[in-house]
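Structure record follows, encoded as C-alpha cells.
The values are calculated or read from the model by the stated rules, or taken from the named source; none is laboratory data. Please read all numbers here as calculations on a predicted model, not as lab measurements. Because the Cβ atoms are built from the backbone with ideal geometry, glycine has one as well, and the counts that use them run over all protein chains shown. Side chains are part of the model used for accessible areas, which takes the heavy atoms of the whole protein and leaves out ligands, DNA and RNA. Shrake-Rupley method; radii C 1.70, N 1.55, O 1.52, S 1.80 Å.
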Amino acid sequence: MTPVEIAIVALAAGGVFFGVVAAVGVLRLPDLYTRSHAASKSDTLGAVLTLGAAALTFGADVPTAKTVLLLLFMFLTNPTAAHAITRAAYDQEIEPWTTDEEGDA
Amino acid sequence: MSELTPLVSDVLIGAAGAFAVLAVVVLYRVASGPTMQDRVIAVNIIGSNTVVIIALLAAAFGEPGFLDVALIYALLNFLMSIAISKFTVERGGII
C-alpha cells in the first residue's frame with residue numbers, strides 16, 4: 001500500500017468511528033441540548049474526516065477542490081444548524097435536563 | 001491517482017454502508033424524539049450522512065459528477081435546519 005492509501009483507509013475508519021459516536025450520543029443522551037452537542041461536534045468531525053478520505057482519492061484535480069469545498073461547507077454549516085435549532089428550542093422554553101435535586105426535575 | 005486499488009474502493013464502499021446503517025439507526029430518534037427539535041437534529045444528522053455517502057460513492061466509483069449532487073444536498077440540508085428553527089420561533093434574527 002502506498003502512503004496515500006494508508007491515509008485514505010485511516011481517515012475513513014476515523015470518520016466511521018465518529019459517526020458511530022454521534023449516533024450513540026443522539027440515541028442515548030438524556031435531553032435535546034446534550035443530543036445536539038453530540039450531533040454538532042461528533043457528526044461534524046466524522047463527516048469531515050470521511051470527506052477528507054474521499055478528497056484524497058481524486059488526486060490533484062478539480063474534483064479534489066470540490067470535495068475540499070464541500071468539507072469546508074459541512075465544517076461551517078453543521079454546527080451552525082445545530083446551534084440555530086437549539087437556540088430556537090431554548091426560546092420555546094424547553095427545560096434543560098439536570099441532576100439537581102432541588103430543581104423541579 | 002486515477003485508478004483505485006480494489007482494497008481502497010472496498011473500504012470506501014464499506015464506509016458508505018456503515019454511514020447508511022447509522023442513518024437508519026438515527027431514524028429511531030426521528031420517530032420517538034419527544035420534542036420537534038429532537039426530530040430536526042436527527043434529520044440533520046441523516047442529511048449530513050447522506051452527503052457523506054454520496055461523496056464516498058463518487059470517490060469509489062470514480063464519478064466526480066456525484067459531487068455536485070452532494071453539494072446541493074448539503075445546501076438544502078442546511079437550509080432545512082435554518083428554516084425550521086426560524087419558523088418555529090417568532091423572532092427578529094435568524095441565528
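Per this entry, A:A12 is not counted among residues that are at the interface with chain B (Cβ under 7 Å from one of its Cβ atoms), farther than 19 Å from B:V8 by Cβ and part of a helix (DSSP H, G or I). Given the structure, is A:D31 closer than 25 Å to B:V21 by Cα and of a type in the set (D, E)? When the stated conditions are applied, A:D31 passes them. Once the range A:63-82 is narrowed to residues that are within 7 Å of another protein chain (Cβ to nearest Cβ) and not polar (S, T, N, Q), the residue that is nearest to A:F18 (Cα to Cα) is A:M74.
Candidates B:V52, B:V89: the one that is crowded, with 19+ Cβ neighbours inside 10 Å and either more than 8 Å from chain A (Cβ to nearest Cβ) or not aromatic (F, W, Y) (or both) is B:V52. Among residues of the range A:20-44 that are touching a residue at least 12 places away in the same chain (Cβ under 8 Å), none has a Cβ under 6 angstrom from a residue that is of a type in the set (G, A, S) and open to solvent by 40 Å² or more (accessible area, probe 1.4 Å) at a sequence gap of 6+ or on a separate chain.
Somewhere in the range B:36-43, is a residue open to solvent by 20 Å² or more (accessible area, probe 1.4 Å), among the acidic types (D, E) and under 30 Å from A:P30 (Cβ atoms)? No, every residue in the range B:36-43 fails to be open to solvent by 20 Å² or more (accessible area, probe 1.4 Å), among the acidic types (D, E) and under 30 Å from A:P30 (Cβ atoms).
Please state which one of A:L51, A:L11 is under 15 Å from the mean Cα position of the chain (by Cα), crowded, with 24+ Cβ neighbours inside 10 Å and under 14 Å from B:A59 (Cα atoms). Selected residue: A:L51, the only one of A:L51, A:L11 that is under 15 Å from the mean Cα position of the chain (by Cα), crowded, with 24+ Cβ neighbours inside 10 Å and under 14 Å from B:A59 (Cα atoms). Pairs, please: C-beta under 9 Å, at least 6 apart or cross-chain, first residue touching a residue at least 24 places away in the same chain (Cβ under 8 Å) and under 15 Å from B:N49 (Cβ atoms) and in the range A:67-80, second open to solvent by less than 90 Å² (accessible area, probe 1.4 Å) and of a type in the set (D, E, K, R)? Going by the 9 Å Cβ cut-off, the qualifying pairs are A:N78/A:D43.
Just one of the listed residues (B:G47, B:G17) is farther than 16 Å from A:A39 by Cα and open to solvent by less than 50 Å² (accessible area, probe 1.4 Å), namely B:G17. For the range A:17-25, the criterion of a residue being open to solvent by less than 20 Å² (accessible area, probe 1.4 Å), hydrophobic (A, V, I, L, M, F, W, C) and within 7 Å of another protein chain (Cβ to nearest Cβ) is satisfied by at least one position.
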